[in-house]
Amino acid sequence: MTVKESISACIAVKDELAKVVLMPGDPLRAKAVADNYLTDVVCFNDTRNMLGYTGTYKDKRISVMGHGMGVPSMGIYAHELYTQFDVDAIIRIGSAGGLDMDVDAKDIVIAMAASTNSGYGDAYGIPGQLAACADFDMLEEAVKHARAKDVKYKVGKVYTSDFFYYPQPDINEKLRDFGHLAVEMETAGLYWTACADRKKAVSILSISDHLFKPVALTAEERQNSFTDMMEIALDTGIAFI
């Protein structure tokens, strides 16, 4: 592909993207959102099987695309969407492990902020620690739609970990005792990237298992059953289009 052809391809994809993108970690969950909620769907990306779709939801164009696992993967996709494709807002939709004892499987957690063990934020050069926080307008909109659906939800801080299998399991008790609702692997990266790129972001999570309770969803349930989270995210997203 020539440089001219590459630029033309980039412009074509840019035209197919909406101003708001929902981002699950699993690209098959992106496909599930497109299949079940969107009409007039166009696939704008299948590179590395990181599926991305744009379609219509309640008469507005909205996009959905996978972001992979971990802060670095989220950071790559979010930064490129924000800076190269004129995306205004990203909503992470994903699974998380419960920490708070009032949180149960399939509950919704809306992340106001994210603590983390990732050093990704150090690269921005802010002395001390760069706070990873949601956009308040998007957070408020997500809470409004969670209330309207009458689902069980909580708003608060989550913990973004670089480890899925953390070598010091007793850390989970400390995280719970410091008020973290859940643990996951991408929210801090999204919030930092949105802050640096002067864009909007919010993370809406569904609890797939719990670190202190004997409950866990299967992989298939994680992919297909998070309907409340998806609908809250879609209704939140179209408010910013």
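The values are calculated or read from the model by the stated rules, or taken from the named source; none is laboratory data. Owing to the predicted nature of the structure, the values given are computational and were not obtained by experimental measurement. Please note: Cβ atoms are built from the backbone with ideal geometry, for glycine as well, and neighbour counts cover all protein chains shown. Quick note on the areas: whole protein, heavy atoms, side chains included, nothing else; ligands and nucleic acids left out. Shrake-Rupley method; radii C 1.70, N 1.55, O 1.52, S 1.80 Å.
All of (1) open to solvent by 80 Å² or more (accessible area, probe 1.4 Å); (2) assigned to a helix (DSSP H, G or I); (3) in contact with a Lys or Arg (Cβ under 8 Å, 6 or more places away or on another chain) hold for Ala123 with one exception: (3).
Taking Tyr159 as the residue in question, decide whether it is open to solvent by 70 Å² or more (accessible area, probe 1.4 Å) and among the hydroxyl-bearing types (Ser, Thr, Tyr). First the steps, then the outcome.
Working: open to solvent by 70 Å² or more (accessible area, probe 1.4 Å): no; among the hydroxyl-bearing types (Ser, Thr, Tyr): yes.
So Tyr159 fails the test.
Taken over the stretch 138-151, the residue count meeting the criterion of being aliphatic (A, V, I, L, M) and either on the phi > 0 side of the Ramachandran plot or crowded, with 22+ Cβ neighbours inside 10 Å (or both) is 4. Give the stretch 165-183 a look and list any residue that's without any contact (Cβ under 8 Å) to a residue 12 or more places away in the chain and of a type in the set (Lys, Arg), or say none. Passing the criteria: only Lys174.
For the stretch 132-164, the set of residues classified as out of contact with any Cys (no Cβ under 8 Å at 6 or more places or on another chain) and in a strand (DSSP E or B) consists of Tyr153, Lys154, Val155, Gly156, Lys157, Val158, Tyr159, Thr160, listed by residue number.
The set of residues in the stretch 37-64 being over 18 Å from the mean Cα position of the chain (by Cα) and among the aromatic types (Phe, Trp, Tyr) consists of Phe44, Tyr57.
May I ask you to verify whether Asp135 is charged (D, E, K, R) and open to solvent by 50 Å² or more (accessible area, probe 1.4 Å)? It is false that Asp135 is charged (D, E, K, R) and open to solvent by 50 Å² or more (accessible area, probe 1.4 Å). For the stretch 204-212, check the following and say yes or no: at least one residue is under 13 Å from Gly94 (Cα atoms), of a type in the set (S, T, N, Q) and modelled with pLDDT under 95. Yes, the conditions are met somewhere in the stretch 204-212.
How many residues are more than 16 Å from Thr236 (Cβ to Cβ), open to solvent by less than 30 Å² (accessible area, probe 1.4 Å) and not polar (S, T, N, Q) when one looks only at the stretch 198-214? Let's see the steps before the verdict.
Initially, the stretch 198-214 is screened for residues more than 16 Å from Thr236 (Cβ to Cβ), giving 198, 207-214.
This time we only want the ones that are open to solvent by less than 30 Å² (accessible area, probe 1.4 Å), so: 207-208, 210.
Still in the list and also not polar (S, T, N, Q): 207, 210.
Looking only at that region, the number is 2.
Would you check if Asp137 is at pLDDT 95 or above and out of contact with any helix residue (DSSP H, G or I) (no Cβ under 9 Å at 6 or more places or on another chain)? Here the answer is yes, as Asp137 does meet what is asked. Within the stretch 226-241, residues that are under 14 Å from Arg147 (Cβ atoms) sit with their Cβ atoms under 9 Å from residues that are hydroxyl-bearing (Ser, Thr, Tyr), at 6+ positions apart or across chains, in these pairs: Asp228/Tyr153; Asp228/Ser206; Glu231/Tyr37; Ile232/Tyr153; Asp235/Tyr57.
For a quick check of your reading: which helices (runs of 4 or more DSSP H) sit entirely within the stretch 172-241 and have at least 1 residues that are β-branched (Val, Ile, Thr), under 17 Å from the mean Cα position of the chain (by Cα) and under 17 Å from Leu139 (Cβ atoms)? Can you show your working first?
On the way: elements: 187-196, 219-224, 227-238.
Fully inside the stretch 172-241 and qualifying: 187-196, 227-238.
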